[in-house]
Amino acid sequence: MLERLIEKRPDGRTTVMLSGFIDETADLEALLGDVEGEIALDLSAVQRINSIGAHRWIITLARLTAHRRVTVEAVPYSVGMQANYVANFFARAEVLSCLAPYACATCETSTNLLIHRDEVSLRAPTRWCKRCKNELVFDELDGYLDFLVRNRS
Amino acid sequence: MTRSRARVIVEEAAVAERVAAVLDVADFERNDERNDERSDVTIVSHGRLDQAGDSTGPMVVLCKGTGRRAALELIASKALRYMVPVDDRLEDALLTILGKLAGADLFGLDRYVRHGGLLRTWTAEDSQAKARILREIGARAQRLGCPQLIADLFLSAIDEMAINAIERHIRAQLGPIEIVAAAEVGRFAVAVRDRVGQLRPEHVLGSLVRGGAQKAAGMALDASSAQLGFRIMFDTLSTLAINVERGRRTEVIGVIDLGKSLREYRDTVPGFGCFVNETPE
């Protein structure tokens with residue numbers, strides 16, 4: 001099940017936070033179709049997306065971004081994976097940030113950390129473990145962040 | 001009864017020794033004569049594929065050190081139906097494939113969890129049931145020590161396996177599908193079974209090719225989501241096996257090997273097998 005939380009920002013933009021599963025049960029048109037003006041999509045609470053959901057997402061984003069500015073924030077790992085499979089996954093939307101997997105070799109822990117597209121050059125930005133203060137290892141293949149930087153202006 | 005014969009084209013001596021040991025256990029006779037049509041199967045390193053062009057019968061490709069992406073491109077470009085990663089599970093994986101190619105029953109999880117057992121069987125008739133089962137499988141994965149993000153990848157693959165099967169059953173009015181989980185130390189496997197049996201290897205491999213093309217060209221708004229679904233399965237599992245008894249039943253098996261970091265897991269060459277029994281009893 002996919003749900004939304006809408007918040008109006010002081011700058012006039014509307015934040016839509018989606019939470020749950022983007023799958024064959026998700027009615028994206030109902031969740032996003034009535035939102036007017038510029039939209040900031042917060043995907044941090046999306047838990048999983050399947051191929052049917054991805055197909056619906058691409059159709060909805062193509063329509064949603066045709067004549068207005070749409071930004072996407074905090075793309076979770078499960079969505080980022082699929083975004084890398086399909087070039088037009090975010091249509092004309094600007095992807096600003098994602099949650100990327102990092103691991104601490106010392107503490108043997110894994111964590112998802114928010115990274116902004118401007119921080120990414122040829123490789124993932126450096127992050128440090130909150131507990132032991134050692135540098136974290138980016139826990140994915142180098143191409144994982146392609147979806148974040150491919151539409152960077 | 002004549003023994004099955006295998007032609008072996010393997011470059012590394014250590015790997016060739018391991019293959020020879022498996023052939024003994026599987027009761028295959030080695031036959032490396034070129035142009036000999038009596039070979040029932042060819043086992044070839046991915047680096048020597050060009051030497052196997054004159055082989056007859058199924059070809060099992062041993063793939064080492066290419067990474068997942070290159071392995072998937074190889075499967076797609078050469079339309080390979082059987083791939084075995086050269087890792088510490090080579091013997092088990094090769095034994096499984098040879099056993100099936102030699103005529104053993106194609107179906108069942110026991111060949112993929114030889115040292116473990118069945119955990120649970122579910123039935124699912126719709127998306128709600130599928131969601132409930134995925135939650136239970138996710139909880140099992142965590143109890144087996146699977147890192148959260150790898151468990152999420154596994155669930156993505158099972159989601160694709162299940163939704164395809166449920167849709168086929170709904171169209172054919174066949175009632176619920178069956179989902180089965182099994183595990184052993186370091187390995188978790190799930191099978192999704194339908195009673196349709198219409199999946200074809202060329203469709204699976206074609207989906208992988210077309211799904212790969214979407215990375216550069218994008219997805220057409222009227223395209224089938226199945227292409228993306230197979231791409232997800234190939235890209236997120238340690239092993240993907242597809243068993244088809246034409247017109248009778250399909251079993252799609254997804255396996256994850258535990259004990260790797262996410263990065264290692266994502267870069268591991270996947271095992272793959274697509275087995276079709278054309279003449280159901």
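The values are calculated or read from the model by the stated rules, or taken from the named source; none is laboratory data. If you're wondering where the values come from, they're calculated on a predicted model, not measured in any experiment. Cβ coordinates were reconstructed from backbone atoms using ideal geometry, including for glycine residues, and neighbour counts include every protein chain displayed.
General remarks:
- Boolean, A:Val79 is surrounded by 15 or more Cβ atoms within 10 Å (Cβ to Cβ), within 14 Å of chain B (Cβ to nearest Cβ), outside any loop (DSSP other than H, G, I, E, B) and out of contact with any Cys (no Cβ under 6 Å at 6 or more places or on another chain): yes
For (1) aliphatic (A, V, I, L, M); (2) under 20 Å from A:Leu31 (Cβ atoms); (3) surrounded by fewer than 18 Cβ atoms within 10 Å (Cβ to Cβ), each residue gets a yes or a no:
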| site | (1), (2), (3) |
| --- | --- |
| A:Ala62 | yes, yes, yes |
| A:Arg68 | no, yes, yes |
| A:Glu73 | no, yes, no |
| A:Tyr85 | no, no, no |
| A:Arg92 | no, yes, yes |
| A:Val95 | yes, yes, no |
| A:Cys98 | no, no, no |
| A:Ala103 | yes, no, no |
| A:Glu108 | no, no, yes |
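- Filtered by the rule that a residue be modelled with pLDDT under 95 and within 13 Å of chain B (Cβ to nearest Cβ), the stretch A:1-23 gives a lone residue, A:Met1.
- Exclusive hit being of a type outside the set (Gly, Ala, Ser), under 12 Å from the mean Cα position of the chain (by Cα) and within 13 Å of another protein chain (Cβ to nearest Cβ), set A:Arg48, A:Arg92, A:Arg117: A:Arg48
- Taken over the stretch B:209-255, the criterion of being of a type in the set (Lys, Arg) and either closer than 21 Å to A:Phe147 by Cα or in contact with a helix residue (DSSP H, G or I) (Cβ under 6 Å, 6 or more places away or on another chain) (or both) is satisfied by B:Arg210, B:Lys215, B:Arg231.
- Only residues that are surrounded by 24 or more Cβ atoms within 10 Å (Cβ to Cβ), away from every other protein chain (no Cβ under 14 Å) and in contact (Cβ under 8 Å) with a residue 60 or more places away in the chain were counted across the stretch B:149-182, and they come to 0.
- Helices (runs of 4 or more DSSP H) fully within the stretch B:50-167 counting 3 or more residues that are farther than 29 Å from B:Arg18 by Cα: B:127-143
- Some residue of the stretch A:63-74 being part of a helix (DSSP H, G or I) and free of Cβ contacts under 8 Å to residues at least 12 places away in the same chain: yes
- Test: residue in the stretch B:145-155 that is more than 19 Å from B:Leu237 (Cα to Cα), touching a Pro at 6+ places or on another chain (Cβ under 8 Å) and not charged (D, E, K, R): no
- Residues in the stretch B:129-148 that are of a type in the set (A, V, I, L, M) and either modelled with pLDDT of 95 or more or surrounded by 22 or more Cβ atoms within 10 Å (Cβ to Cβ) (or both): B:Ala129, B:Ala131, B:Ile133, B:Leu134, B:Ile137, B:Ala139, B:Ala141.
- Of all residues in the stretch B:113-141, those satisfying the criterion of being within 13 Å of chain A (Cβ to nearest Cβ), more than 21 Å from the chain's Cα centre (by Cα) and not hydrophobic (A, V, I, L, M, F, W, C) are B:Asp126, B:Ser127, B:Gln128, B:Lys130, B:Arg132, B:Arg135.
- Being more than 28 Å from A:Ser110 (Cβ to Cβ) and more than 14 Å from chain A (Cβ to nearest Cβ) is true of B:Val276.
- In the condition set (1) free of Cβ contacts under 8 Å to residues at least 24 places away in the same chain; (2) within 29 Å of B:Ala217 (Cα to Cα); (3) among the charged types (D, E, K, R), A:Glu108 is compliant with all but (2).
- Considering the conditions (1) within 14 Å of chain B (Cβ to nearest Cβ); (2) without any contact (Cβ under 8 Å) to a residue 24 or more places away in the chain, A:Leu122 is excluded by exactly one of them, (1).
- The test for being within 10 Å of another protein chain (Cβ to nearest Cβ), among the acidic types (Asp, Glu) and touching a Ser or Thr at 6+ places or on another chain (Cβ under 7 Å) does not hold for A:Glu29.
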